[in-house]
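Bear in mind these aren't lab numbers, they're just calculated from the coordinates by the rules spelled out. Treat the numbers as computed from the prediction; the structure is a model and nothing was measured. Quick reminder, even Gly has a Cβ in these numbers, built from the backbone with ideal geometry, and neighbours come from all protein chains shown.
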Amino acid sequence: MSHGQLFIISAPSGAGKTTLAKRLISEMDGTVLAVSHTTRPIRQGEAHGVDYFFIDREKFENMAAAGEFVEYAEVFGNLYGTSWSELDKLLTAGKNVLLDIDWQGARKVRRQMPEVQSIFILPPSRKELERRLRERAQDSDAVILNRMREAEDEMSHRGEYNYVVVNDNLDLALTDLKSILSGHIENLRRATISI
C-alpha cells in the first residue's frame, strides 16, 4: 500500500472552503479530511470525532505542551490543532488527507512537512464574502465584522500557497481542486512505482 499525500486547504471564513472540502471528499475516493482538535463549543449538527475532537482548554494545552500537534493556533478565542497521530494514521493507511487549517497552521505544517501541497480558496469579492457570512445566520453583526477584518489579513497570505482557487462558481472551483489533487496523487503514485 502506498503512503497518502497531504494537502492543506485554507480560506477566510465564508469563502466556501468547508462546502468544497466536503464535496471533494465525497467525489474523490481515498481522500479524507483530517479531524482537528478544538476548544470551541460544539455547534448544532456537529459530532465529536467527525467534525472535530471537542476538548477543553486544559486538555488541549497539555497536548500542545507534550508536542502532540503538528500545528495549532488560536482563532477567534478558540484553540485548533492537528495531531501527529491523526495524520500518521491516515497517511500510512494510504489516504490522501486534506487539512482544513488557517494560514498560521499552514505555515507551521510547511516548515515540518515541505512535501505538502497547499491551496488557498478566495471568495470572488469582499462584498460576496460578507453576503455569505450574513446568509449563514450563525454570527452576530459584531462577529461578522471581526471575521471580515480577519479575512483581509488571511487573504494577504495567499501568496504563500502553491495554488489559489477563486470560488466564484462552486462547480468550477471543485473542478479546479480535483485537478490539483489528481495531478499530485498521480505524480506520487508514479514516483512510488519507479522506486
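A compact table of results
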{"item": "Per DSSP, loop trypsin sites (Lys or Arg not before Pro) in the stretch 10-84 with at most 10 further Cβ within 10 Å", "result": "R43"}
{"item": "Phi to ³J(HN,Hα) by Karplus 6.51 cos²θ - 1.76 cosθ + 1.60 over the stretch 153-160, Hz, x for Gly, Pro", "result": "5, 4, 5, 5, 9, 4, x, 7"}
{"item": "Net charge contributed by nearby residues that have their C-beta within less than 12 Å of T31 (K/R +1, D/E -1)", "result": "+2"}
{"item": "Efficiency of FRET from Cβ geometry, L170 and M148, R₀ 22 Å, rounded to 0.05", "result": "0.55"}
{"item": "³J(HN,Hα) computed for each position of the stretch 99-106 - Karplus, 6.51 cos²θ - 1.76 cosθ + 1.60, integer Hz, glycine/proline x", "result": "9, 8, 9, 7, 4, 5, x, 4"}
{"item": "Label assignment, P(r) over Cα pairs in 10 Å bins from 0, in percent derived from the structure, set [x] 8, 35, 39, 16, 2, 0; [y] 11, 42, 39, 8, 0; [z] 9, 38, 40, 12, 1", "result": "[x]"}
{"item": "Nearest-0.05 FRET efficiency for F76 and D141, computed from C-beta distance (R0 22 Å)", "result": "0.90"}
{"item": "FRET efficiency estimate (nearest 0.05) - Cβ-Cβ, M113 to T19, R0 30 angstrom", "result": "0.70"}
{"item": "Placed amide H near L79: partners under 5 Å, 5+ positions off or other chain", "result": "T39, R40"}
{"item": "Theoretical ellipticity at 222 nm over the chain - DSSP helices of four or more residues, -39500 (n - 2.57) apiece, nearest 500", "result": "-14500 deg cm²/dmol"}
{"item": "Nitroxide proxy distance, nm - points 7 Å out along Cα→Cβ at T92 and Q44", "result": "4.1"}
{"item": "Amide H contacts under 5 Å for V166, placed H, 5+ residues apart", "result": "L122"}
